[in-house]
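A quick write-up on the structure given underneath.
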Amino acid sequence: MCGIVGYIGHREALPIVLEGLRNLEYRGYDSAGIAICDGARIRIRKRAGKVAQLAADIEGEEFPGTLGIGHTRWATHGEPTDINAHPHTDASGRIVLIHNGIIENYAVLKTRLERKGYSFRSETDTEVLAVFIGMLYERLGDFELAVRTALQEVEGTFGLAILSKDDPDCLIAARRGSPIVLGIGDSEYIVASDASAIVAHTRRVVYLRDDELAILRRDGYVTKTIGDEFIAPEIHELDFELEQIQRGNFPHFMLKEIFEQPVTFRDSIRGRLLVEQGNAKLGGLTTVADKLRVARRIILTGCGTSWHSALVGEYVIEQLARIPVEVEYASELRYRNPVIYPDDIVIGISQSGETIDTLAALREARLKGATILGIVNVVGSTIARETDAGVYLHAGPEIGVASTKAFTSQLAVLALLGLYLGRQRDLSASEGQHLAKELNTIPEHITTILDSAPTIEYIAHQYAHCTNALYLGRGVNYPVALEGALKLKEISYVHAEGYPAAEMKHGPIALIDENMPVVFIATCDDIYDKVISNIQEVRARRGRIIAIATEGDQRVAELADHVIFVPPTHSLLTPILTTIPLQLLAYYIAVARGCDVDKPRNLAKSVTVE
Ligand code: G6P
């Protein structure tokens, strides 16, 4: 979603701000803008479109100054137009700000300001905030005080970076609900909505918490609450390298991340899998081990791909640990006054750790006394910090909007969790050892599947023109069908639906004809024969069948138009393997259709608004 970058120091701000914006592009956006202050004036340029277009527009123009801010906007209030793009200014043009989040009481504030004679150029909630701060500044004569006073009246969420022409040695950043990270350099500071815009300059960061702001000056900085209480900043070290957010030789981040999976999966299980004991050691859960032992129910929640991994988790944990597991969309859970007991364990699954619905669902569960845990990729993210305990994915930064490596790492962690909970209960050591051994060989299996990328690319070309696709799977591979369909939708804009294979007869079968590709996940397990029957049903209606099958399965190979093999493994671990060909299929179809794979239209990597 929207991206923020701000710089104050001794170097020219423009190149730093533009480079920061490029590193934030992956979050998804539709307009971009910058403001650079040279001490006497603040020059602003903004437009609908990409950062590259903005950079081309200003090429050759002078934007001097060592203080600046930049923004990528993902439209919420008002269309993606030049005027609605950030930065926004107050009525006098002295206060300039960029904003992530939503000011919920902007309409009330706007009416108040209009009554006082203020007018507005854009349709955004952000401009209202800028004008409001400007009005307070006129009255109070103090930049910081005006910002704090305004933020106390604001309802909703914000990540902000704010400049004042009257105070060219000051950059103010503030947060409620939308992340803000401060990069602490040598007499210079970089403010950003995520660390990708910072890592090129410094590894030392401070994560602002809700209702905190930072006042950054060239000779030092302070952090305080918006109520004016000083906070001692906690400095963290970033745990990733600049190369990890660069594409290397891959044409897209998504492909890079798909191919990283043997390594990222290994990183997720490293030091956690106890093959000999048939168990898992999850250091992040030590403090809640007793609660987990007596838990009567687990609720898994998340959004998008993370919700799909929760669905796989339900099969895995119920089968291994025999604990009832419920899975719920975070956006639904948070609003329906759910029945949650104090001995429930509610686990939020999130790549970014910032998805607002997941965070809100966890807060709701906490309110009802449950233990709340996080399975999160981004270290130091809000969900990671707000939960009682949790497990990091260690998948490294995921830049492609369509989640790939984070999904398989989520499945890795859920398998480890299932193993751990199982061994606390009825799972025998030998069953545990069997699963652990198989888990340990998954990275090699992923490599084997990636070797079939050229075959998958060939298949993708046969179907790139299609307008619909159906994905079918059963049992633990039903969520993989959902995920496969989601991947295709997200990046190729082909309409795709995932279904439990048997449900096909209750509706989607009506869609099947010789133009309809049907992707079956048909690995050898206890419901294999049932899936074969479903394949026959599609074949009888001349649907085109692409099957993901277990290596050497001639029966499926004969029935399907195309088959992609995956190595055999423990049935509960098959989703980790079957999902890889579906990621590649979606990728190659999107590329063949000329789509912008890493930045699909309208999507955002991290959804920090409702
Ligand atoms: C967005 C992304 C999806 C992601 C979902 C949940 O919609 O485009 O790829 O699965 O958010 O994000 P999270 O960071 O919570 O896993």
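The values are calculated or read from the model by the stated rules, or taken from the named source; none is laboratory data. Keep in mind that this is a model prediction, so the values were computed, not measured. Glycine gets a Cβ as well: all are built from the backbone with ideal geometry, and neighbour counts include every protein chain shown.
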Q) In the stretch 482-531, what count of residues is obtained for those that are within 16 Å of the ligand (Cβ to nearest atom) and either touching a strand residue (DSSP E or B) at 6+ places or on another chain (Cβ under 8 Å) or at positive phi (or both)? A) 10
Q: Please indicate, with yes or no, whether at least one residue in the stretch 328-349 is of a type in the set (Asp, Glu), within 10 Å of the ligand (Cβ to nearest atom) and either under 23 Å from residue 101 (Cα atoms) or more than 18 Å from the chain's Cα centre (by Cα) (or both).
A: no
Q: Quick one: which residue in 138, 79, 104 is out of contact with any helix residue (DSSP H, G or I) (no Cβ under 6 Å at 6 or more places or on another chain), among the acidic types (Asp, Glu), surrounded by fewer than 16 Cβ atoms within 10 Å (Cβ to Cβ) and over 25 Å from residue 608 (Cβ atoms)?
A: 138
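Any idea which of 550, 579 is in contact with a Ser or Thr (Cβ under 8 Å, 6 or more places away or on another chain), under 22 Å from residue 303 (Cα atoms) and hydroxyl-bearing (Ser, Thr, Tyr)? Even if it seems obvious, please write down each step before you answer.
Values: 550 fails: under 22 Å from residue 303 (Cα atoms).
Of 550, 579, the one residue that is in contact with a Ser or Thr (Cβ under 8 Å, 6 or more places away or on another chain), under 22 Å from residue 303 (Cα atoms) and hydroxyl-bearing (Ser, Thr, Tyr) is 579.
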Q: Working carefully through the options 514, 497, 457, 503, find the one that is free of Cβ contacts under 8 Å to residues at least 24 places away in the same chain, acidic (Asp, Glu) and surrounded by fewer than 24 Cβ atoms within 10 Å (Cβ to Cβ).
A: 503
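Output yes when any residue across the stretch 315-336 is of a type outside the set (Gly, Ala, Ser), closer than 30 Å to residue 200 by Cα and surrounded by 16 or more Cβ atoms within 10 Å (Cβ to Cβ), and no when none is. Full working, then the answer.
Pass one, the stretch 315-336, residues of a type outside the set (Gly, Ala, Ser): 315-320, 322-329, 332-336.
Filter again for closer than 30 Å to residue 200 by Cα, leaving none.
Among the residues of the stretch 315-336, not one is of a type outside the set (Gly, Ala, Ser), closer than 30 Å to residue 200 by Cα and surrounded by 16 or more Cβ atoms within 10 Å (Cβ to Cβ), which makes the answer no.
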**Q.** Options 590, 586, 604, 547: the member that is closer than 30 Å to residue 175 by Cα, in contact with a helix residue (DSSP H, G or I) (Cβ under 7 Å, 6 or more places away or on another chain) and crowded, with 18+ Cβ neighbours inside 10 Å
**A.** 604
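Residues are listed down the side, and each one gets a yes or a no for (1) under 19 Å from residue 292 (Cα atoms); (2) within 12 Å of the ligand (Cβ to nearest atom):
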residue	(1), (2)
385	no, no
388	yes, no
391	yes, no
395	no, yes
399	no, yes
404	no, yes
407	no, yes
413	yes, no
416	yes, no
Q. Got a number for residues in the stretch 411-437 being closer than 25 Å to residue 194 by Cβ and touching a strand residue (DSSP E or B) at 6+ places or on another chain (Cβ under 6 Å)?
A. 1
Q. Filtering the stretch 1-45 down to residues that are away from the ligand (no atom under 16 Å from the Cβ) and among the basic types (Lys, Arg), which residue is nearest to residue 192 (Cα to Cα)?
A. 22
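If we scan the stretch 428-441, do we find a residue that is under 22 Å from the mean Cα position of the chain (by Cα) and either more than 15 Å from the ligand (Cβ to nearest atom) or without any contact (Cβ under 8 Å) to a residue 24 or more places away in the chain (or both)?
Start the filter on the stretch 428-441 by keeping residues that are under 22 Å from the mean Cα position of the chain (by Cα), which leaves none.
Within the stretch 428-441 (the criterion being under 22 Å from the mean Cα position of the chain (by Cα) and either more than 15 Å from the ligand (Cβ to nearest atom) or without any contact (Cβ under 8 Å) to a residue 24 or more places away in the chain (or both)), the answer is no, since none of the residues qualifies.
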Q) When the residues of the stretch 359-383 are filtered to those that are more than 13 Å from the chain's Cα centre (by Cα) and not in a helix (DSSP H, G or I), which remaining residue is nearest to the ligand (Cβ to nearest atom)? A) 374
Q: Among residues belonging to the stretch 217-239 that are of a type in the set (Gly, Ala, Ser) and in a loop (DSSP other than H, G, I, E, B), point out the one that is nearest to residue 397 (Cα to Cα).
A: 232
Q.
Looking at the stretch 119-147, I want the residues that are under 10 Å from residue 88 (Cβ atoms) and have a partner that is part of a helix (DSSP H, G or I) and charged (D, E, K, R) with Cβ atoms under 8 Å, at least 6 apart or on another chain. Which pairs are those?
A. 120/110; 120/114; 120/127; 121/127; 128/110
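What tally of residues in the stretch 561-606 results from selecting those that are in a loop (DSSP other than H, G, I, E, B) and away from the ligand (no atom under 16 Å from the Cβ)?
Pass one, the stretch 561-606, residues in a loop (DSSP other than H, G, I, E, B): 561, 567-570, 593-606.
With the extra rule that they be away from the ligand (no atom under 16 Å from the Cβ), the set shrinks to 561, 567-570, 593-594.
Here the count works out to 7.
For residues that are in contact with a strand residue (DSSP E or B) (Cβ under 7 Å, 6 or more places away or on another chain) and either under 20 Å from residue 318 (Cα atoms) or surrounded by fewer than 20 Cβ atoms within 10 Å (Cβ to Cβ) (or both), tally how many sit in the stretch 563-576. Let's see the steps before the verdict.
Let us first name the residues in the stretch 563-576 that are in contact with a strand residue (DSSP E or B) (Cβ under 7 Å, 6 or more places away or on another chain), namely 563-566, 568.
Add one more test, that the residue is either under 20 Å from residue 318 (Cα atoms) or surrounded by fewer than 20 Cβ atoms within 10 Å (Cβ to Cβ) (or both), and what stays is 568.
So the count comes out to 1.
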Q | Residues satisfying the stated conditions in the stretch 312-352, i.e. modelled with pLDDT of 95 or more and closer than 11 Å to residue 295 by Cβ | A | 317, 321, 323, 324, 325, 344, 345, 346, 347
